[in-house]
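A short write-up of the structure that comes next.
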Amino acid sequence: MPIVAPSLLASDFLRLGEESRMLNESAADWFHLDVMDGRFVPNISFGLPVISALRKTTTKTFDVHLMIEEPERFAEDFKKAGADILTVHLEACRHLHRNLQQIRSLGMKAGVALNPHSPVETIFDMLDDIDLVCVMSVNPGFGGQQFLPLALKKIRNLRKHIDDNKLSTLIEIDGGVTLSNAREIVEAGTHVLVAGNTVFGSVDPIATIKALKEC
Ligand code: DX5
Ligand code: ZN
């Protein structure tokens, strides 16, 4: 069974408390929280105060996806706001390894997200220092985009490397996950499914989350 991480980016911000309650009642494992700075990606979402407020509503794991430049400036603040996993973008980090060390030293799990153009092989040598690899299956910045099939090949390749080397790194897929493609994505080797619009845009989000878990 995959770990299912609904992305709150697609939730109703006017009803965040209720959305959180719904997720608490659902089979969702994690809350996926997308932070954007308008520089690394051409969009701005929400930030620290929103995450702190949500933290009071749930004990589920907070999977924070930073789509921001210079993430090292904010790692400590995100820890204080309640992040359990902090994911930074390979393309936003000049000293990625140092950033990961910082995240772990603050007591969080360290994640690396890869844009569609970044080869997974780039991080093969440092997987011991990475708890989660987030393979982007859309260009980051917006919800509701179409899944890019090139991500499947990357997942298969990465999963083989992880298994061959008996590593414990988790693979997450982010972007365009639907009830129709989830099974193929999991079969390719994905451990964590992020889903925004598929969950929050559905008539019955709790049933949709259950269906993703059972895909
Ligand atoms: C995109 C974000 C995603 C987004 C996914 O930049 O990283 O987490 O919310 O949304 P869907 O599932 O609608 O593609
Ligand atoms: Zn995301």
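Within the option set 180, 168, being outside any strand (DSSP E or B), closer than 21 Å to residue 88 by Cα and of a type outside the set (A, V, I, L, M, F, W, C) holds for one residue only, 168. For region 48-78, residues that are surrounded by 21 or more Cβ atoms within 10 Å (Cβ to Cβ) and either modelled with pLDDT under 95 or acidic (Asp, Glu) (or both) total 1.
Residues checked against (1) more than 16 Å from the chain's Cα centre (by Cα); (2) polar (S, T, N, Q); (3) more than 11 Å from ligand 1 (Cβ to nearest atom):
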position: 175; (1), (2), (3): no, no, no
position: 179; (1), (2), (3): yes, no, yes
position: 203; (1), (2), (3): yes, no, yes
position: 209; (1), (2), (3): no, no, yes
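Does region 139-154 contain at least one residue that is in contact with a Cys (Cβ under 9 Å, 6 or more places away or on another chain) and among the aliphatic types (A, V, I, L, M)? No, region 139-154 contains no residue that is in contact with a Cys (Cβ under 9 Å, 6 or more places away or on another chain) and among the aliphatic types (A, V, I, L, M).
Has region 119-128 got any residue that is acidic (Asp, Glu) and either touching a Phe, Trp or Tyr at 6+ places or on another chain (Cβ under 6 Å) or in a loop (DSSP other than H, G, I, E, B) (or both)? Taking every residue of region 119-128 in turn, none turns out to be acidic (Asp, Glu) and either touching a Phe, Trp or Tyr at 6+ places or on another chain (Cβ under 6 Å) or in a loop (DSSP other than H, G, I, E, B) (or both). The set of residues in region 8-47 that are surrounded by 21 or more Cβ atoms within 10 Å (Cβ to Cβ), in a strand (DSSP E or B) and among the acidic types (Asp, Glu) contains only 34.
The values are calculated or read from the model by the stated rules, or taken from the named source; none is laboratory data. Since we're looking at a predicted model, the values are computed, not measured. For neighbour counting, all protein chains shown are included, and Cβ atoms are generated from backbone atoms with ideal geometry for every residue, glycine included.
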